[in-house]
1. Name the single residue, out of those in region 1-14 being surrounded by fewer than 24 Cβ atoms within 10 Å (Cβ to Cβ) and assigned to a loop (DSSP other than H, G, I, E, B), that is modelled with the lowest pLDDT.
2. Kindly provide the set of residues from region 139-156 that are surrounded by 15 or more Cβ atoms within 10 Å (Cβ to Cβ) and over 12 Å from His173 (Cα atoms), ordered by number.
3. Criterion first (of a type outside the set (A, V, I, L, M) and out of contact with any Lys or Arg (no Cβ under 9 Å at 6 or more places or on another chain)) does Cys14 satisfy it?
4. Taking into account only those residues within region 15-73 that are of a type in the set (Ser, Thr, Tyr) and farther than 18 Å from Leu192 by Cα, which is surrounded by the most Cβ atoms within 10 Å (Cβ to Cβ)?
5. Just one of Ile138, Ile116, Ile76 is touching a His at 6+ places or on another chain (Cβ under 7 Å) and among the aliphatic types (A, V, I, L, M); which is it?
6. Sort through Arg136, Arg119 and tell me the only one that's closer than 21 Å to Ser94 by Cβ, under 21 Å from the mean Cα position of the chain (by Cα) and surrounded by fewer than 16 Cβ atoms within 10 Å (Cβ to Cβ).
7. Among the strands (runs of 3 or more DSSP E) confined wholly to region 67-184, which include 1 or more residues that are aromatic (Phe, Trp, Tyr)?
Amino acid sequence: MGIILNIETATKNCSVSIADKGNILAIKELNNGNYSHAEVLHPFIADILREAQLSSKDIDAVAVSKGPGSYTGLRIGVSAAKGLCFAFDKPLISIDTLTALAHATTSSEGYIIPMIDARRMEVYASVFNANYTQVREIKAEVVTESSYLDYLKNGNVIFLGDGAMKCKGIITHENAVFLSDYFPSSKEMARLSYEKYKKNDIEDVAYFEPFYLKDFVVIPEKKKKPTF
């Protein structure tokens, strides 16, 4: 046992995978620059189950990216995951979005700083060492030229994710490496969710909520000029 459906919708990348004991059986992703998760998530789930020749009842657990990230994206992913868990009486596993993103690269030394774009010059970021141990908590922060100097002075630092693009023109330290063309993916979730599944590290389906980090902000629409 260990067949897990992994759902990642925290950013513009809508990603779904099915894995057996951490090994990917099927995966489907779409990152077209838009948040089209509501339209494609459930068809993606049906597609990968069909490809893996499985049904919803064959799944042992459902894992979902818990955030931080897009408020709407997280709500869509978590709602879908909870619906499946309720419908088929399966356990729910949550995976920290930045932890999964950190696992998209490797480093023999130094640090990995996964970053998600959070509006203007702000990012959601955390810091991991080369063994993927979190050495600094998740923060919503504004990037400046002095950001992360304590890590940069001690060796290479990989800035990973779409938030890293904001840093490239600001952080100019020689130890900084930027990998901006990366998004959280259900591919990296597979191993992480299986490890949690083996430990029975699961969530209360009824009360689980995404980790938003910041309150949802509604941007008011511009008033239209009256026409006469």
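1. The residue in question is Met1.
2. Of everything in region 139-156, those that are surrounded by 15 or more Cβ atoms within 10 Å (Cβ to Cβ) and over 12 Å from His173 (Cα atoms) turn out to be Ala140, Glu141, Val143.
3. No, not satisfied.
4. Within region 15-73, the match that is surrounded by the most Cβ atoms within 10 Å (Cβ to Cβ) is Ser70.
5. None of the other options fit; the residue is Ile76.
6. From the options Arg136, Arg119, the qualifying one is Arg136.
7. Result: 111-117, 122-129, 157-160, 176-179.
The values are calculated or read from the model by the stated rules, or taken from the named source; none is laboratory data. Just so it is clear, the model here is predicted, and its values are computed rather than measured. Every residue, glycine as well, gets a Cβ built from its backbone with ideal geometry; the counts of neighbours run over all protein chains shown.
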